[in-house]
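Take a look at the structure below.
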Amino acid sequence: MRMPLFRVMMAHELRLLYRNRVLISLFTLILLVLLASLWIGSSMFRKQQQTIGKIGMYQTEMADSLKSRIERIEAAQMRYNGFIWDDPTFAYNTARNEGPQFAVKQPFALQALMVGQSDVQPYYYKVYINKKQNLVFDGEIDNSLLQFIGTFDFGFVVIYLLPLLIIVFTYNVLASEKEQGTWVLLKTSNQSIARLMLYRIGIRYGLFTGFFWLIVTPVLAALISPAFLATGNWWWIVGFVSLYFGFWFALSFLINSFSLSSNLNAMVLIGLWLFLGLLVPNLLQIGLNRLYPIPSRISLTNEERNAINKYFEKDGQALTKDVFSSPRTLIRQASVVTPGMVYGYGVIVYKSQEIKDAAAHVAEQKLFGQIERQQAAIERLQFISPALMMQEVLAGLTGTHWHQFNQFSRDVDDFRVQTQRFFYPKMATEQTYRTFTVRDAEAIPRFVARTYADYGWLHIESSLSVYVALVAILLFAGYRRLVFASR
């Protein structure tokens, strides 16, 4: 494009946009909504940081308290005057009281942009040897996946609201020329109408996208610190969001090329927004729910309970009888709690928990197997809706995708097994029953917290190629139509 022509068109576009009061009002409103979404996201991020900080302090206090209590008992020749179930020299007691450790998913700064699965999946667990952590919040028993319809956040504004603003921004680029009577003048000029319209769309895209990032980047840096600028995730987000805007500008350019009236253009574009942004994802959700129905948490709990009852009807009875009748434990006979009783309960918990975990694993496989099948289907079909694809990409790049929470949950499972392997042998030591020492307290396994923001599994290059191809095809089709229409 020649620079004099570019300057004239730029000045023309700015003048037109400045005179459009409706557009300025709508733009101002959505700008406020965008800033509100950034503030809400950053507030949630800071709250998680504060919570994790408190967890760290709590764990330090509990560890110090445990070691000082054991040291006092050892200094008193193993005399303990408190309640026997609180005596920390029993490994079983420590495993129940001060022993459980927290497993934490370290917050990632860019999660301020996208809530994703954060509102249904926990970002920390307290890991017990005898309790299986819930993998979703109880309030979301039958709705563990919300990847189709998100919460109000930056992602929601970008994916669903800003395309509407782009439609208002571009729906009458060509139609207004006809309605204002300047179309005839354009046709008699020595400039290609197709190229002029393409330039106009390009200028508006540049103004819109440039202004968007000029607002978002410094505001986000002020809210969560500018460290995110050094991450690859951020620059992928910039590329994808810019291409997503480009898709809607290119689609508008194509609709304009049909030379319809302004009203028809607006209706068609809004219809496409409803179809691609809302209808397709919801139909996909309904279809996948029918194809891969997710069992409810209630049925999962019932299956676990049935498996445990089945165990206690057979093998569990023999174990319980042995432990309760053993002369060393004397659980039934003793009128007061003895060290043998504490040991006996520890053995029962140890043995029965292995059965419970096996039963829970079978039941959970039914739940998570269906979720994984749904996720695999979404990954294959996301390309039919640019909005759904953007939702998946944004969630992955901000560390709030189901895949990343699932990885965290698996790490927590591994950590729980590690904790059990640490405590179980100590709980089954019969010599003195009271074998847990300061050295053991210092060796209690700790979860290594980390951020889960990797995106290697996302096939990000393929998604980017799809967006580039979509934009190129729409622009080419619109340009060709205008070339033929202006002849």
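At a glance:
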{"item": "Only Lys, Arg (+1) and Asp, Glu (-1) charged, at Cβ; the chain dipole about Cα centre in debye", "result": "1120"}
{"item": "Calculated diffusion of the stretch 165-288, Stokes-Einstein form, Kirkwood radius summed over Cα pairs, 10 °C and 1.306 mPa s, µm²/s", "result": "94"}
{"item": "FRET efficiency for S242 and K126, using Cβ-Cβ distance with R0 set to 45 Å, rounded to 0.05", "result": "0.60"}
{"item": "Estimated translational D of the chain in µm²/s (Stokes, Kirkwood radius over Cα pairs; 20 °C; 1.002 mPa s)", "result": "80"}
{"item": "log₁₀ of I(q)/I(0) at q = 0.12, 0.17, 0.22, 0.26 Å⁻¹ - the stretch 425-487, Debye sum with one point per alpha carbon", "result": "-0.65, -0.81, -0.96, -1.07"}
{"item": "Cα centre as origin, Lys/Arg/Asp/Glu Cβ charges: the stretch 342-389 dipole, Debye", "result": "100"}
{"item": "Extreme residue, positive dipole direction of the chain, given options I378, F108, L38 (C-beta unit charges)", "result": "L38"}
{"item": "Helix runs (DSSP H) in the chain reaching 30 Å along axis by Cα, Kyte-Doolittle at least -1.0", "result": "21-75, 193-224, 232-256, 339-381, 460-485"}
{"item": "Label-point gap, in nm, between F275 and L26 - each point 7 angstrom along Cα→Cβ", "result": "2.0"}
{"item": "Gain in span if fully extended, E461 to V8, counting 0.36 nm per residue against the direct Cα distance", "result": "159.3 nm"}
{"item": "Residue-span extension gain [Y58 to I384] - 0.36 nm each, minus C-alpha spacing", "result": "112.6 nm"}
{"item": "Positive-end residue, the stretch 1-129 charge dipole about Cα centroid, Cβ charges, pick of N81, F27, P122", "result": "F27"}
{"item": "Selected from H459, M427, V412, residue furthest toward positive end of dipole (the stretch 412-487; charges at beta carbon)", "result": "H459"}
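Computed from the coordinates by the stated procedures, all read-outs in this text should not be read as laboratory data. Since we're looking at a predicted model, the values are computed, not measured. For neighbour counting, all protein chains shown are included, and Cβ atoms are generated from backbone atoms with ideal geometry for every residue, glycine included.
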